[in-house]
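First comes the structure, then the notes that go with it.
The values are calculated or read from the model by the stated rules, or taken from the named source; none is laboratory data. What you see is a predicted model, and the numbers here were worked out from it, not measured in a lab. Note that each Cβ is placed from the backbone with ideal geometry, even for glycine, and that neighbours are counted across all protein chains shown.
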Ligand SMILES: *[C@@H]1O[C@H](CO)[C@@H](O)[C@H](O)[C@H]1NC(C)=O
Ligand SMILES: *[C@@H]1O[C@H](CO)[C@@H](O)[C@H](O)[C@H]1NC(C)=O
């Protein structure tokens, strides 16, 4: 009898915990989605602004993250314009990765790109640590159009193998397979190898974009990783609900 009661309490506690996690992951209100706590590091996440960055209202925070496609087939001068805009924002740190449509970035050396994006920390299969949190960024996506493309399994393996085992904030241009990765035509177009890697390393958050139609956030995985597709472009195709996603890191 007593054992049954204890078991019931345990089951209830676990259920409540999951319900809470789930609720936090889905608590998107009319304003930018706000998740969790007070003394945390605030991340403000966007991607796929495609030359429309100036028309997006960006909330303040500790770290602004742009997960790629800030231009639309951009030249070096488009990237410089984006960099000037970054310079006007108040965030203490700005982290940027490229996307398949950031053409000029795809042919620049890393040093040239660092130079051109002088108002940001530019990650290209590389990491930076801020206040003890490890941020890792990669621009690569499965073969589609443009630059930073994974053409075959060898390319994919090379990209995946560079991702370290300890990452707090994973930033990739494309989604992992099966998570916020459905284009308007339906189905899933995310990267399968990336999905396996993310589930293995359980970052606190995985920020990506690329698939404009799948904007949103959800929790998944053993440690309740927050997955956020932060693509802003649908906003300019009529879906006004696509706003920067704000996350407070515990
Ligand atoms: C994979 O694609 C790359 C181009 O990104 C090419 O250099 C390489 O030879 C290809 N490897 C195989 C095994 O096909
Ligand atoms: C607009 O985006 C919101 C948030 O992701 C989504 O729930 C909604 O279905 C989208 N609306 C349309 C018309 O695509």
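Quick notes on this structure:
- Count of residues meeting criterion [within 14 Å of ligand 2 (Cβ to nearest atom) and either touching a residue at least 12 places away in the same chain (Cβ under 8 Å) or not in a loop (DSSP other than H, G, I, E, B) (or both)] in the stretch 177-198: 6
- Picking from residues in the stretch 199-238 that are touching a helix residue (DSSP H, G or I) at 6+ places or on another chain (Cβ under 9 Å) and assigned to a loop (DSSP other than H, G, I, E, B), the one that is farthest from ligand 2 (Cβ to nearest atom) is 222.
- Qualifying positions in the stretch 49-65 - in contact with a helix residue (DSSP H, G or I) (Cβ under 9 Å, 6 or more places away or on another chain), without any contact (Cβ under 8 Å) to a residue 60 or more places away in the chain and either in a loop (DSSP other than H, G, I, E, B) or under 19 Å from residue 144 (Cβ atoms) (or both): 51
- For the residues 209, 238, the requirement of being at pLDDT below 95, more than 16 Å from ligand 1 (Cβ to nearest atom) and within 17 Å of residue 50 (Cβ to Cβ) singles out 238.
- Residues considered: 70, 17, 23. Of these, the only one that is modelled with pLDDT under 95 and either closer than 16 Å to residue 209 by Cβ or more than 22 Å from the chain's Cα centre (by Cα) (or both) is 17.
- Taking the criterion of being more than 16 Å from ligand 1 (Cβ to nearest atom) and assigned to a strand (DSSP E or B), the residues of the stretch 122-155 that qualify are 122, 126, 127, 128, 129, 130, 133, 134, 135, 136, 137.
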